[in-house]
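Written below as structure tokens is the structure these notes are about.
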Amino acid sequence: PTFSGKHFSARAMSLEQLEPIAKDSLEEQCRFCFDVILAELFRTPVPAPKFKTGSYPLFVTWNKADSRGSGSSLRGCIGNLSAMDLHEGVRKYASVSAFSDRRFAPISAQEVRLLECSVTLLHNYEDGRDYLDWQIGKHGIIIEFEDDRGERYSATYLPSVCSEQGYKVLQEVYVGFDGVPW
């Protein structure tokens, strides 16, 4: 197959890179994500966000803790690769990733106590020289490729995903393209 890709860094940003977003805003953004899904589940108004706004591409990720407390697993993750207003984006993708990620059933009220949330703000996009031009644990990657029949595919791996999944080498990432005719 033919590969093209861009890699990006995220979540490993300094305060200087995030201004005017303060470091503690990431935590407040996650609290707001819980406010959003609880409001949807219980049909109540969503409170106003308490964090500063800005314009970033972003993803909201939900993980569900194992009931035995021995780990967690992905429960939903959706975002946008184009910059958008942070208040609007966090609200939208908190909901979409919780209730509309096609890989999972919508989150239920019974699951909320087991949920963990992270908001990933993307920055520093760089063109890669090729699809191997990135480092697991440091970069995320947007992979776009075409198979021999001309079908186009793409995938986005946030910087934390490969580390969390235990990928040690880049080839393990491409195993995730199940069903793609190589």
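The values are calculated or read from the model by the stated rules, or taken from the named source; none is laboratory data. In this text, all values refer to a predicted model and were calculated from it rather than measured experimentally. Using ideal geometry, Cβ is built from the backbone for each residue, glycine included, and neighbour counts are taken over all protein chains shown. Surface areas here come from the heavy atoms of the whole protein model, side chains and all, with no ligands, DNA or RNA. Shrake-Rupley method; radii C 1.70, N 1.55, O 1.52, S 1.80 Å.
Yes/no per residue for (1) at pLDDT 75 or above; (2) over 15 Å from the mean Cα position of the chain (by Cα); (3) among the polar types (S, T, N, Q); (4) open to solvent by less than 20 Å² (accessible area, probe 1.4 Å):
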residue	(1), (2), (3), (4)
Ala105	yes, yes, no, no
Arg113	yes, yes, no, no
Ser118	yes, no, yes, no
Leu122	yes, no, no, yes
Gln171	no, yes, yes, no
Inset, instruction - Just give me the residues in segment 36-80 being open to solvent by less than 30 Å² (accessible area, probe 1.4 Å) and more than 16 Å from the chain's Cα centre (by Cα), in sequence order. - result: Val36, Ile37, Ala39, Phe51, Gly54, Ala65
Legend entry - Test set (1) in contact with a strand residue (DSSP E or B) (Cβ under 7 Å, 6 or more places away or on another chain); (2) among the charged types (D, E, K, R); (3) under 17 Å from Leu58 (Cβ atoms) - Lys92 fails condition number: (1)
Legend entry - Residues satisfying the stated conditions in segment 49-101, i.e. at pLDDT below 95 and part of a loop (DSSP other than H, G, I, E, B): Lys50, Phe51, Lys52, Thr53, Gly54, Asp66, Ser67, Arg68, Gly69, Ser70, Gly71
Inset, instruction - For Pro106, indicate whether it is without any contact (Cβ under 8 Å) to a residue 12 or more places away in the chain, closer than 27 Å to Ile142 by Cβ and touching a helix residue (DSSP H, G or I) at 6+ places or on another chain (Cβ under 7 Å). - result: yes
Inset, instruction - Could you list all residues from segment 46-87 that are of a type in the set (A, V, I, L, M) and closer than 26 Å to Tyr125 by Cα? - result: Leu58, Val60, Leu74, Ile78, Leu81, Ala83, Met84, Leu86
Inset, instruction - Spot the failing condition for Arg129; the list is (1) touching a strand residue (DSSP E or B) at 6+ places or on another chain (Cβ under 9 Å); (2) open to solvent by 70 Å² or more (accessible area, probe 1.4 Å), and only one is missed. - result: (1)
